[in-house]
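The values are calculated or read from the model by the stated rules, or taken from the named source; none is laboratory data. Bear in mind that the values here come from a model prediction, so they are computed numbers and not experimental data. As a convention, Cβ positions derive from the backbone with ideal geometry for all residues, glycine included, and neighbour counts pool all protein chains shown. Areas reflect the complete protein model, heavy atoms only, side chains present, ligands, DNA and RNA absent. Shrake-Rupley method; radii C 1.70, N 1.55, O 1.52, S 1.80 Å.
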Amino acid sequence: MSSSIIYQLPNIPWEERPAGCSDVVWRYSANPIIPRNLIPSSNSIFNSAVVPFNGKFAGVFRCDNKKREMIIHRGFSENGIQWNLDPEPIEWKTSDPELGKFEHRYDPRVVWLEDRYYVTWCNGYHGPTIGIGYTFDFESFHFVENAFLPFNRNGVLFPRKINGKYVMLNRPSDNGHTPFGDIFLSQSPDMIHWGEHRHVMSTQGGWESTKIGAGPIPIETPEGWLMFYHGVLTSCNGFVYSFGAALLDLEQPWKVIYRGGPYLLSPQTLYECVGDVPNVAFPCAALYDQPTGRIAIYYGAADTVTGLAFCKVDEVMDFLKNHSSV
Ligand code: BMA
């Protein structure tokens, strides 16, 4: 059963598919929307997450600084396209000094869940794990806990409890530039204790042959949870990050109903192919307007800048049904 939540966002950023383009997902013509140097300290701004906020938009942004430390900052936007970022990093409030030792913070996701915005990110605590925090107002930010022991990346919460539990997609890994990785799902009664782990899906050939990881917060549809995810191919010249989609069961979201065989977007433009890490398209957020079916996907490009892409939910569903590898 799908919930009765209506995901309405009439002011979603949007641009129609360009004439002559038949791709299911198309890029915004003015990409990248966030340049690498939007704030004075930044080396690069990418792999970032945005949400509707007070009739406008807010977000949490990965800003690697000029010391090449990986840090997250908050930002605000009137239209979801032009962004103002706080030049100061987010300060996470915690009463436990042990938890305040952040080695690094990167690849955030943000979700409105019940009464607040939860933020998850890859948090350095003796190796990468998933940090969980929340904010009510994007003014003060509170750290909750590390969800797992190291090593884990790509922690992505569902936007509501399922069967009375919080649910998070995640990707167990190692301490290096992980050459493997499947998507798993973990459940929690309280956002602190995570267990009842389930396998969701493994790598398969081609564009997703080396590792995969959940991207934006899954989108609820009557037929299942729409999950965009990145997949990595190891070429003779290094990793190539593309993204595709799958549909997960509404009640048992570790069950994959459809999985798109081809990718939906792969690094092909200059700003995706050239940067600090070439050939990366890494989605961390999607906005959704259910009445029109419009989806706006935010993705990091070449670990350097942030891009925006668009699609329509019905077309993605048709794509999944017609090209499913399940
Ligand atoms: C992954 C993460 C991402 C990054 C990608 C490509 O392991 O570190 O933040 O975009 O590698 O470098």
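Across the stretch 111-134, what is the number of residues that are within 14 Å of the ligand (Cβ to nearest atom) and not in a strand (DSSP E or B)?
Of the residues in the stretch 111-134, 1 are within 14 Å of the ligand (Cβ to nearest atom) and not in a strand (DSSP E or B).
Of these, Glu103, Glu69, which one is in contact with a His (Cβ under 8 Å, 6 or more places away or on another chain), over 18 Å from Asp303 (Cβ atoms), open to solvent by 60 Å² or more (accessible area, probe 1.4 Å) and within 16 Å of the ligand (Cβ to nearest atom)?
Just one listed residue meets the conditions, Glu103.
Given (1) hydrophobic (A, V, I, L, M, F, W, C); (2) over 19 Å from the mean Cα position of the chain (by Cα); (3) crowded, with 23+ Cβ neighbours inside 10 Å, where does Val274 come up short, assuming only one miss?
(3)
Can you pull out the residues in the stretch 279-306 that are hydrophobic (A, V, I, L, M, F, W, C), touching a helix residue (DSSP H, G or I) at 6+ places or on another chain (Cβ under 9 Å) and within 13 Å of the ligand (Cβ to nearest atom)?
Of everything in the stretch 279-306, those that are hydrophobic (A, V, I, L, M, F, W, C), touching a helix residue (DSSP H, G or I) at 6+ places or on another chain (Cβ under 9 Å) and within 13 Å of the ligand (Cβ to nearest atom) turn out to be Val280, Ala281, Ala301, Ala302, Val305.
Say whether the condition of being without any contact (Cβ under 8 Å) to a residue 12 or more places away in the chain, open to solvent by 60 Å² or more (accessible area, probe 1.4 Å) and over 20 Å from Thr304 (Cβ atoms) is met by at least one residue in the stretch 108-118.
For the stretch 108-118, residues without any contact (Cβ under 8 Å) to a residue 12 or more places away in the chain, open to solvent by 60 Å² or more (accessible area, probe 1.4 Å) and over 20 Å from Thr304 (Cβ atoms): absent.
State which residue is most open to solvent (accessible area, probe 1.4 Å) when the search covers only the stretch 1-53 and only residues that are small (Gly, Ala, Ser) and modelled with pLDDT under 95.
Ser4
Give me the residue from the stretch 277-318 that is touching a residue at least 60 places away in the same chain (Cβ under 8 Å) and at positive phi and, out of that set, surrounded by the fewest Cβ atoms within 10 Å (Cβ to Cβ).
Asp303
Which condition number does Lys165 fail, the rest of (1) out of contact with any strand residue (DSSP E or B) (no Cβ under 8 Å at 6 or more places or on another chain); (2) open to solvent by 50 Å² or more (accessible area, probe 1.4 Å) being met?
(1)
If a residue has to be open to solvent by 30 Å² or more (accessible area, probe 1.4 Å) and not in a helix (DSSP H, G or I) to count, how many in the stretch 89-100 make the cut?
Adding up the residues that qualify gives 6.
Looking at the stretch 160-171, is at least one residue touching a residue at least 12 places away in the same chain (Cβ under 8 Å), within 25 Å of Ser42 (Cα to Cα) and among the small types (Gly, Ala, Ser)?
no
Filter the stretch 268-289 for residues that are farther than 13 Å from Val305 by Cα and out of contact with any Gly (no Cβ under 8 Å at 6 or more places or on another chain) and give the result.
Answer for the stretch 268-289, where residues must be farther than 13 Å from Val305 by Cα and out of contact with any Gly (no Cβ under 8 Å at 6 or more places or on another chain): Gln268, Tyr288, Asp289.
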